[in-house]
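Read through the structure below, which is laid out as structure tokens, and then see the notes.
The values are calculated or read from the model by the stated rules, or taken from the named source; none is laboratory data. Because the structure is predicted, anything quoted here is derived from the model rather than measured. Using ideal geometry, Cβ is built from the backbone for each residue, glycine included, and neighbour counts are taken over all protein chains shown. To get the accessible areas, we keep the full protein, side chains included, count just its heavy atoms, and leave off ligands, DNA and RNA. Shrake-Rupley method; radii C 1.70, N 1.55, O 1.52, S 1.80 Å.
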Amino acid sequence: MAEMLDECNQGEVVLDSRIHIMNDDGEIISSHMQENYSLPDSKEDRNGIHQPLDDWLPITQSRRGNSWTVTFHLLCSGIGIQTLSLPLAFVYLGWFWGIMCLSVAFVWQLYTIGLLVSLHESVPGTRFSRYLQLSIAAFGVKVGKILAIFPVMYLSGGTCVMFIITGGGTMKLFYQLLCGDHCSSKHPLTTTEWFLVFICIAILVSLFCPNLHSAALVSFLGAIMAVGYCTILWVMFVAKGKVHGVFYDPSEAVTSESGRVRSIFNALGIIAVAFRGHNVVLEIQGTMPSTPNRASSKFMLKGVVASYLIIAMCFFPLAIVGYWAFGNKFPTNGGMITAISTTLNYQTSKPVLGLIYMQIIISCVTAFQIYSMVVYDNLERAYATRARHECPKLIRNGIRIFFGGLTFFISVAFPFLPSLALIIGGISLHLTFGYPCLMWIAIKRPPMKSVKWWLNIGLGCLGIALSVLVIVGAVWNLVCRGLDANFFHPR
């Protein structure tokens, strides 16, 4: 003790290289920190003042969030265009198995969200405000980066590309709906030009949102729009009734045995991919303040419960009523947008269809802000780490414009990506259903072969297996049906 005091008096600080974690059973587990584990948590600014690096980055620059803003972010990022394909899963599974699989998937992903929220501050004095940071803490630097950095960046960037394709395409439908057969323009905009209009609007909005918390009002608008079009659709289906000649028989949808197995894989993929947003849960929680007396997890869980109660009220009625209205006649290509723009086009007033299209467009623009913020954060972190100061506004805006141009180019070069949605979603599906369970085991270290250990190891392995099955089913379906790869020719 005397030696330690002498060293402290001489200005040297002795640090314990161990971390102490308390598991759910009240046991304290000590483990040595890896010597090669290092994340740049702080830098000195140009005046020599010591400042945390997190204060410079878009995700954690502002920690003034609350349960309301969290709810808006989760709703905006959790409800998307893939929700409109849920009735197609019922076409292949039928009533019982469709409802059963949708219910299991909902409970499963809600459980993994709870794990991520609890792991956000699992190490005293440390906040894991990014999925990648939590993965590194759980699996080590090398393995953690391999397992997380590509899926997270790929999922965030790929989702933004999907927003451009979906939002731009819906803009075109909205324009055609307004013009009808008597459009005054002799040269209407092409699909590529509509993509450009969409990305310009999205990037313009992002220039006014320097950090994730500043996008709270944008997320509020997106949440209203997403809940709005889901509710309007299923209410409209109830009001209009069934399509003529509808029937409900999964065996009639696909006749061959191999096709039946393939369709079940695809149906599971449609349901699993509908639940998105796990790659931004920790980032959303990172916008909230946290003190020893008021942990962020408490208020984050309130937002999770509120948002997913609303999400359930959107997903289940839309899937069930959509299948009830269309049955086996539900379009296999294009999903609900195709259904409402063809089958219902002459049964529903233009204002209602126009309102649905407008809500989808706004929802895509607003959700783009949340998913793109993950990419901005990583790029600005790379700049701040190298330059040792906060990213200037000019560079920050340049990063957003560069990312917008890159995603626009990809959407024009590969406009058929929605046809590969199950493959794209399957590759990153383990981020939702598998990794959270395995990370909880790695960090919390519950007693071997305990109930919690078996539960999480089982769900983690099943999540990875589900990801593989979805990819296999999607590739199998692609081989059998083919792909219309219209490179650089959006339709």
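Filter segment 303-323 down to the residues that are open to solvent by 40 Å² or more (accessible area, probe 1.4 Å) and farther than 16 Å from His73 by Cβ and list them by number.
Of everything in segment 303-323, those that are open to solvent by 40 Å² or more (accessible area, probe 1.4 Å) and farther than 16 Å from His73 by Cβ turn out to be Met313, Phe316, Ile320.
Quick one: how many residues across segment 426-445 are open to solvent by 20 Å² or more (accessible area, probe 1.4 Å) and in contact (Cβ under 8 Å) with a residue 60 or more places away in the chain?
7
Counting only residues that are open to solvent by less than 40 Å² (accessible area, probe 1.4 Å), modelled with pLDDT under 85 and over 23 Å from Ala274 (Cβ atoms), how many does segment 324-355 have?
Selection size over segment 324-355: 1.
Could you look through segment 469-491, keep only residues that are in contact (Cβ under 8 Å) with a residue 40 or more places away in the chain and of a type in the set (Val, Ile, Thr), and pick out the one that is surrounded by the most Cβ atoms within 10 Å (Cβ to Cβ)?
So the residue we want is Val470.
So how many residues does segment 404-425 have that are touching a helix residue (DSSP H, G or I) at 6+ places or on another chain (Cβ under 7 Å) and open to solvent by less than 40 Å² (accessible area, probe 1.4 Å)?
Residues meeting the conditions: 11.
Regarding segment 75-82, can at least one residue be identified that is within 16 Å of Asn266 (Cβ to Cβ) and either open to solvent by 30 Å² or more (accessible area, probe 1.4 Å) or touching a helix residue (DSSP H, G or I) at 6+ places or on another chain (Cβ under 7 Å) (or both)?
Looking for residues that are within 16 Å of Asn266 (Cβ to Cβ) and either open to solvent by 30 Å² or more (accessible area, probe 1.4 Å) or touching a helix residue (DSSP H, G or I) at 6+ places or on another chain (Cβ under 7 Å) (or both), one finds at least one in segment 75-82, hence yes.
Take Val261 and decide whether it is touching a Phe, Trp or Tyr at 6+ places or on another chain (Cβ under 7 Å), surrounded by fewer than 23 Cβ atoms within 10 Å (Cβ to Cβ) and more than 25 Å from Pro351 (Cβ to Cβ).
For Val261, the condition - touching a Phe, Trp or Tyr at 6+ places or on another chain (Cβ under 7 Å), surrounded by fewer than 23 Cβ atoms within 10 Å (Cβ to Cβ) and more than 25 Å from Pro351 (Cβ to Cβ) - is not met.
Taking segment 450-462 as the search range and keeping residues that are surrounded by fewer than 17 Cβ atoms within 10 Å (Cβ to Cβ) and among the small types (Gly, Ala, Ser), which one is nearest to Leu438 (Cα to Cα)?
That would be Gly458.
Output the qualifying pairs, or none if there are none: Cβ atoms under 8 angstrom, residues six or more apart or on different chains, first residue in segment 51-76 and farther than 30 Å from Phe315 by Cβ, second residue in a helix (DSSP H, G or I) and acidic (Asp, Glu).
Trp56/Glu380; Leu57/Asp377; Leu57/Glu380; Thr60/Asp54; Gln61/Asp54; Gln61/Asp55
Exactly one condition in (1) in a helix (DSSP H, G or I); (2) in contact with a helix residue (DSSP H, G or I) (Cβ under 9 Å, 6 or more places away or on another chain); (3) more than 30 Å from Ile113 (Cα to Cα) is not met by Leu204; state its number.
It is condition (2) that Leu204 fails.
Out of the residues in segment 54-74 that are within 17 Å of the chain's Cα centre (by Cα) and closer than 19 Å to Leu301 by Cβ, which is most open to solvent (accessible area, probe 1.4 Å)?
Only one residue fits best here, namely Phe72.
Mind checking which residues of segment 170-183 are touching a residue at least 40 places away in the same chain (Cβ under 8 Å) and surrounded by fewer than 23 Cβ atoms within 10 Å (Cβ to Cβ)?
Leu173, Phe174, Leu177, Leu178
Report the residue count in segment 398-444 for those that are of a type in the set (A, V, I, L, M, F, W, C) and touching a Gly at 6+ places or on another chain (Cβ under 6 Å).
Qualifying residue count, segment 398-444: 5.
Tell me yes or no: at least one residue of segment 202-225 is over 30 Å from Gln285 (Cα atoms) and open to solvent by 20 Å² or more (accessible area, probe 1.4 Å).
Within segment 202-225 (the criterion being over 30 Å from Gln285 (Cα atoms) and open to solvent by 20 Å² or more (accessible area, probe 1.4 Å)), the answer is no, since none of the residues qualifies.
Restrict the check to segment 270-293 and report whether at least one residue is more than 27 Å from Gln61 (Cβ to Cβ) and either loosely packed, with under 15 Cβ neighbours inside 10 Å or of a type in the set (Gly, Ala, Ser) (or both).
Yes, some residue in segment 270-293 is more than 27 Å from Gln61 (Cβ to Cβ) and either loosely packed, with under 15 Cβ neighbours inside 10 Å or of a type in the set (Gly, Ala, Ser) (or both).
When you look at Gly167, is it under 21 Å from the mean Cα position of the chain (by Cα), assigned to a helix (DSSP H, G or I) and touching a residue at least 60 places away in the same chain (Cβ under 8 Å), yes or no?
Answer is yes for this residue.
Take residues that are of a type in the set (A, V, I, L, M, F, W, C) and either within 30 Å of Arg260 (Cβ to Cβ) or in contact with an Asp or Glu (Cβ under 9 Å, 6 or more places away or on another chain) (or both) and tell me which of the helices (runs of 4 or more DSSP H) falling wholly in segment 392-491 contain 1 or more.
Where helices (runs of 4 or more DSSP H) fall fully within segment 392-491 and carry at least 1 residues being of a type in the set (A, V, I, L, M, F, W, C) and either within 30 Å of Arg260 (Cβ to Cβ) or in contact with an Asp or Glu (Cβ under 9 Å, 6 or more places away or on another chain) (or both), they are 393-413, 421-427, 430-433, 451-481.
Among the residues of segment 431-483, how many are in contact with a strand residue (DSSP E or B) (Cβ under 9 Å, 6 or more places away or on another chain) and on the phi < 0 side of the Ramachandran plot?
2
Looking for whichever is open to solvent by 40 Å² or more (accessible area, probe 1.4 Å), over 27 Å from Leu212 (Cα atoms), over 17 Å from the mean Cα position of the chain (by Cα) and free of Cβ contacts under 8 Å to residues at least 12 places away in the same chain here; the options are Ala382, Ala465. Which one fits?
Ala465
Here's a check for you: in segment 230-258, which residue that is small (Gly, Ala, Ser) and not in a helix (DSSP H, G or I) is least open to solvent (accessible area, probe 1.4 Å)?
Gly241
Which of the residues that make up segment 96-127 are in a loop (DSSP other than H, G, I, E, B), open to solvent by 60 Å² or more (accessible area, probe 1.4 Å) and without any contact (Cβ under 8 Å) to a residue 24 or more places away in the chain?
Gly125
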